[in-house]
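Asks: Got a structure for you, written out below as structure tokens; questions coming shortly.
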Amino acid sequence: KEILENNKYSNYISRNKNFKEIANNYISNDQNVSLSMIGVKNDDPTITKLLIFDNKKPVGYLNENEAETYSILTNNNPNVIIKHECEKDKYITVKVYKSNSKYRLYKNNFYIDLNMDGEIVENNCDIDLDDINEYKKITKNITNDFNNDLNNFLDKTKNLNSDLLGINKKYYNKYRKRKKDYFMNTSYKNNVKLNLNKKGLIFEVKDYDR
């Protein structure tokens, strides 16, 4: 309980999945699972990795950025933090407080439509967020960043043959026939949309001459 409390904002935890769901997916041949791994950091137990499976065989880990992407895709974590580097060592931090993903399957392609609602919680970049054009520009840049993260996540899981998103299961539900290699042998296309709430709390960190 203490470990979970200390890691309650970690993307390595499956919040919206209960034990029964995880067990069913583990047993299922249509969807792979991920499990949180506990390690030690600074002499304290903590959740350090997300172990992913091909069928029932562990095949690799998701790093923090990949786990973040996975959390958003599965609507798993209601407060995912995304950091966008606008220039060297300067970042804008966005909290995604809501995400909704839909999957469409058509012949040899599957499509992911992802909508995210977020707010800027910290800004130490030289950007005037009261300027609507600057706001649109940073929204576009963060969206492009996340789209790249999504592509990297899908490429990695395909290379490891780990269907974490249950694409094969979605194929079965649509066509009522099993095709175990559908996820591996189909192409994907993404449509990512980010809505930034300007009413969010914004911290602007500026450099001052000393």
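What follows draws every value from the coordinates through simple rules; no lab data is involved. Just so it is clear, the structure is predicted and the values come from calculations on it, not from any experiment. Counting neighbours? That spans all protein chains shown, and the Cβs are built from the backbone with ideal geometry, glycine included.
Asks: Which pairs, out of LYS140/LYS189; LYS102/LYS169; LYS102/LYS158; LYS107/LYS140; LYS57/LYS189, put more than 21 Å between their alpha-carbon atoms?
Replies: Violating the 21 Å limit, Cα to Cα: LYS107/LYS140; LYS57/LYS189.
Asks: So, one more: Relative to the present Cα-Cα distance, how much length would full extension add between ASN141 and TYR111 at 0.36 nm per residue of separation?
Replies: Here the answer is 8.7 nm.
Asks: Taking R0 as 22 Å, what's the FRET efficiency between LYS179 and ASP54 from their Cβ-Cβ distance, rounded to 0.05?
Replies: After rounding, the FRET efficiency stands at 0.85.
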